[in-house]
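Novice: There's a structure below that I have some questions on.
The values are calculated or read from the model by the stated rules, or taken from the named source; none is laboratory data. Computed from a predicted model, the values in this text were never measured in an experiment. In this analysis, Cβ positions are derived from the backbone assuming ideal geometry, glycine residues included, and neighbour counts consider all displayed protein chains.
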Amino acid sequence: TLDLVQVLKLVAQKTAQVCNAERCSLMLLDEQRETLIPMMSQFASGEPHERLWRIFKRKSLAEKVDDLPPIAKVVREGKTSILVGESLSQLPRVWRTQFGVRSVLLVPLVAREEIIGLMALDYTSEGSEFAPEQVELATAIGSQVAMAIENAQLYARQERRAIQLSVINQVGRRATSSLHLDELLQETAVAIQEAFSYHFVSILVVDEDTEEMVQRADVGRHENMHLPDYRQGKDEGLIGWAVREGEAVLVNDVNRDPRYLEGFPATPFTNSELVVPIKVDGRVVAALDIQSADFNAFDQTDLMSMQTIADQLGVSMRNARLYEESKTHLDRLEAANRQLVALQQTGASLARTLDLQPVLQAVVEGVVQGLGYSAAAIGVVAPTGQTLENIVVSGPTSAQLKELERIVGTRLAELRLPLAEDHGIVSTAMAERRIVVSHSLHQLFGLLDETLCQVAQELLGFKTLVTVPLVLEESPLGALCAATERAELAQEELASLTALANQASLAIENAQLYQRTIARLDELSALHQISVAAASTLDLEETLASIVQALEDTLQLSNLAIMLIDEADQRLQITAGSGYSPDIVSRIRPGVGEGITGWVAMTGQPLNVPDVTSDSRYIAGDHGVRSEVCVPLT
């Protein structure tokens, strides 16, 4: 098994039995390497002792490593140590008074030449001491134990990360599809609590009138944890500190932090707490509070995951706020202003999807069908920040689009608009963060011939072109262009287009955040599949074939090869792969330093070649290859 608790339990009991000790206890260093975290303690008999287990988890290692000289020496020097008699007085007091330790063998747990923790074997009977052969055996077992623990920890971290990404995905989907803030907050709290079994999760919102923190969502393991009317000041507790400072706070032992405020008497008591502020436009508006009965319950991955969820909630709260503002305006002008109704319809369409293309299509259709423009186009800023791409158009007929593409010289979907300041009204709108109204298509396509632009404008039949930058928190996301046959537009019409652009900005940000989350989840899934494939057999050929299959299934590459250095002639040889003909497999054997693969083998650095034909290191093999990624096996 790779379940960490089961691994630790089995290892502790078996080690005690094999080493002929009464008990075996396992402790791991924390991330700062300042304290040892009690992980498992088992008698050789396997007999459970609930009272001793609680003491072991809560009190057995309250001191820091440096405050316990015998333990500090083992951790520092990596050498096994035996303590008997008076030397036991330097250990934590509960080891002698509660656990009855009379002789203890301290064994460093070393994995990959690094001490990750400590294994303690002990006797509770007077006169029982460890013999040299026991010391030798325990030391040898310690290395195996450390490796088993490290493997189990890696599995646990991957599994936990997968759960974290699943919760992020779940909350992200809900956050972009719901305008009911209270429901979203409660669903988020429940999702976090159920996924990780934390004993309390709550979300508190800042009351702008009283400046107090008001609990709007909460879920706990115990009935007495539900406090529907709970509120507290910004100057109280870890929550108040996080809201005041605008920074997350992670405390893995609240008993040592004077800022901790016990909000309610609960069993089990809170021992770890994580608070993440929720911000809208840079201002703290709420806080996500997570509490655990376990010590050292949180790490940096928990913090980053909860920060992502807090960011999603911030976007949703901003969205909800904008929705409320728009709804108030719509209620006042609904009878006379059809355009504001169209904003609602477009907003609903945007909320139904997290995929970027449908979002862009919904925006331009909303401009044409809802706001009454004759044509609309939208594009997003490329990752380089230099061009506008992914152009989506609505309004023109198929024949008009075909003729326009002929004039432009490329398909609109493949068009790249430069964002340099001298390249038309799109770049101007993006640079100056303002609406630009124009009456010439040439000002949009500044690089095209003016006569061709006039022909295209007559073809489309519009007189006015409005360009709105899509910006969120000063970050440029794209641009929205709308065309109409009318020469003039009212301010209310421009305001409606701006409001739709604001919705589009939020929807694009949500879609891009969702894409990044899914991409990260796919990466972790691929890594997990490869790890499973690599660990499934000890036969090298089978292992490499399994890895190739896992990579092929995940990455869907046309050509894939694992090349190993032939010790006989120091040349790389395709040992496992797919997509290559037998002739290429036997013929392509570059030496170290030759070709792309040889260069990577020589330098030990990964290499991404987008166009192999432009790289002088490339050795021609399969004529269908256009790009290549090569990483070293070290």
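Novice: Just checking: which of the helices (runs of 4 or more DSSP H) contained wholly in segment 1-87 hold 3 or more residues that are under 20 Å from A148 (Cβ atoms) and at pLDDT below 85?
Specialist: So the answer is 4-18.
Novice: Against the definition (in contact (Cβ under 8 Å) with a residue 12 or more places away in the chain and either more than 30 Å from the chain's Cα centre (by Cα) or within 16 Å of L500 (Cα to Cα) (or both)), how does S374 come out, yes or no?
Specialist: Yes; evaluated as a whole, the condition is true for this residue.
Novice: Go over the candidates I163, I168 one by one and state the one that is modelled with pLDDT under 85, within 22 Å of M304 (Cβ to Cβ) and surrounded by fewer than 21 Cβ atoms within 10 Å (Cβ to Cβ).
Specialist: I163 is the lone residue from the list that is modelled with pLDDT under 85, within 22 Å of M304 (Cβ to Cβ) and surrounded by fewer than 21 Cβ atoms within 10 Å (Cβ to Cβ).
Residue-by-condition table, conditions (1) in contact (Cβ under 8 Å) with a residue 24 or more places away in the chain; (2) touching a strand residue (DSSP E or B) at 6+ places or on another chain (Cβ under 6 Å); (3) within 30 Å of M304 (Cβ to Cβ); (4) assigned by TED's automatic domain parsing to the domain that holds C481:
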| position | (1), (2), (3), (4) |
| --- | --- |
| R520 | yes, no, yes, no |
| T537 | no, no, no, no |
| L544 | yes, yes, no, no |
| L564 | yes, yes, no, no |
| E567 | no, no, no, no |
| A576 | yes, yes, no, no |
| G593 | no, no, no, no |
| M602 | no, no, no, no |
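Novice: Take the residues in segment 352-367 that are surrounded by fewer than 21 Cβ atoms within 10 Å (Cβ to Cβ) and either more than 19 Å from Y514 (Cα to Cα) or aliphatic (A, V, I, L, M) (or both), then tell me which one is farthest from the chain's Cα centre (by Cα).
Specialist: That would be E365.
Novice: Also: Of the residues that sit in segment 87-100 and are closer than 11 Å to L68 by Cα and surrounded by 16 or more Cβ atoms within 10 Å (Cβ to Cβ), which one is nearest to the chain's Cα centre (by Cα)?
Specialist: P92
Novice: Scan segment 575-634 residue by residue and report those that are in contact with a Ser or Thr (Cβ under 9 Å, 6 or more places away or on another chain) and of a type in the set (F, W, Y).
Specialist: none
For (1) under 23 Å from N151 (Cα atoms); (2) over 34 Å from the mean Cα position of the chain (by Cα), each residue gets a yes or a no:
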{"site": "A535", "(1), (2)": "yes, no"}
{"site": "D539", "(1), (2)": "yes, yes"}
{"site": "A550", "(1), (2)": "yes, no"}
{"site": "L557", "(1), (2)": "no, no"}
{"site": "I574", "(1), (2)": "no, yes"}
{"site": "D583", "(1), (2)": "no, yes"}
{"site": "V592", "(1), (2)": "no, yes"}
{"site": "Q605", "(1), (2)": "no, no"}
{"site": "T613", "(1), (2)": "no, yes"}
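Novice: Evaluate the following for T451: is it surrounded by fewer than 21 Cβ atoms within 10 Å (Cβ to Cβ), in the same structural domain as A348 (by TED's automatic domain parsing), modelled with pLDDT of 85 or more and assigned to a helix (DSSP H, G or I)?
Specialist: No; evaluated as a whole, the condition is false for this residue.
Novice: Report yes if some residue within segment 44-65 is in contact (Cβ under 8 Å) with a residue 24 or more places away in the chain, surrounded by 20 or more Cβ atoms within 10 Å (Cβ to Cβ) and closer than 19 Å to A138 by Cα; otherwise report no.
Specialist: no
Conditions (1) among the acidic types (D, E); (2) free of Cβ contacts under 8 Å to residues at least 12 places away in the same chain; (3) not assigned by TED's automatic domain parsing to the domain that holds A483, marked per residue:
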| residue | (1), (2), (3) |
| --- | --- |
| E403 | yes, no, no |
| R406 | no, yes, no |
| L412 | no, no, no |
| L415 | no, no, no |
| P418 | no, no, no |
| G424 | no, no, no |
| V437 | no, no, no |
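Novice: Tally up the residues in segment 24-34 that are in contact with a helix residue (DSSP H, G or I) (Cβ under 7 Å, 6 or more places away or on another chain) and either of a type in the set (D, E) or without any contact (Cβ under 8 Å) to a residue 40 or more places away in the chain (or both), please.
Specialist: 1
Novice: Further question on the same structure: Take the conditions assigned to a loop (DSSP other than H, G, I, E, B), among the polar types (S, T, N, Q) and either modelled with pLDDT under 85 or over 21 Å from M39 (Cβ atoms) (or both) and apply them to S128. Does it pass?
Specialist: Yes.
Novice: If you don't mind, there's one more thing I want to ask. I'd like to know if segment 612-621 contains one or more residues that are basic (K, R), more than 17 Å from I562 (Cα to Cα) and in the same structural domain as M563 (by TED's automatic domain parsing).
Specialist: Yes; the residues of segment 612-621 include at least one that is basic (K, R), more than 17 Å from I562 (Cα to Cα) and in the same structural domain as M563 (by TED's automatic domain parsing).
Results for (1) in a strand (DSSP E or B); (2) in contact (Cβ under 8 Å) with a residue 12 or more places away in the chain; (3) surrounded by fewer than 20 Cβ atoms within 10 Å (Cβ to Cβ), shown as yes or no for each residue.
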site: D235; (1), (2), (3): no, no, yes
site: L238; (1), (2), (3): no, yes, no
site: V243; (1), (2), (3): no, yes, no
site: P258; (1), (2), (3): no, no, yes
site: E262; (1), (2), (3): no, no, yes
site: F269; (1), (2), (3): no, yes, yes
site: A286; (1), (2), (3): yes, yes, no
site: D289; (1), (2), (3): yes, yes, no
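Novice: Being closer than 21 Å to T543 by Cβ and outside any loop (DSSP other than H, G, I, E, B) is the requirement here; does G577 meet it?
Specialist: yes
Novice: Identify, please: which residue in segment 101-126 is touching a residue at least 12 places away in the same chain (Cβ under 8 Å) and more than 20 Å from P69 (Cα to Cα) and is, among those, farthest from the chain's Cα centre (by Cα)?
Specialist: Of everything passing the filter in segment 101-126, E126 is farthest from the chain's Cα centre (by Cα).
Novice: Could you please let me know if V205 is in a helix (DSSP H, G or I) and modelled with pLDDT of 85 or more?
Specialist: Taking the combined requirement at face value, the residue does not satisfy it.
Novice: Right, here's the next one. Would you point out which residue out of L560, L572, L607 is farther than 18 Å from V625 by Cα and either surrounded by 15 or more Cβ atoms within 10 Å (Cβ to Cβ) or in contact (Cβ under 8 Å) with a residue 60 or more places away in the chain (or both)?
Specialist: Exactly one of L560, L572, L607 is farther than 18 Å from V625 by Cα and either surrounded by 15 or more Cβ atoms within 10 Å (Cβ to Cβ) or in contact (Cβ under 8 Å) with a residue 60 or more places away in the chain (or both), namely L572.
Novice: Quick check on this structure: which one of G385, G424, G409, G395 is touching a strand residue (DSSP E or B) at 6+ places or on another chain (Cβ under 9 Å), on the phi > 0 side of the Ramachandran plot and surrounded by fewer than 16 Cβ atoms within 10 Å (Cβ to Cβ)?
Specialist: G385
Novice: Same structure, new question: Could you grab me the full set of residues in segment 598-611 that are over 19 Å from I565 (Cα atoms) and part of a loop (DSSP other than H, G, I, E, B)?
Specialist: Answer for segment 598-611, where residues must be over 19 Å from I565 (Cα atoms) and part of a loop (DSSP other than H, G, I, E, B): P610, D611.
Novice: Moving on to the next point. Name the pairs: first residue in segment 140-152 and on the phi > 0 side of the Ramachandran plot, second residue at pLDDT below 75 and surrounded by fewer than 23 Cβ atoms within 10 Å (Cβ to Cβ), Cβ to Cβ under 8 Å, at least 6 apart or on different chains?
Specialist: Listed by first residue and then by second, the contacts come to nothing, as the list is empty.
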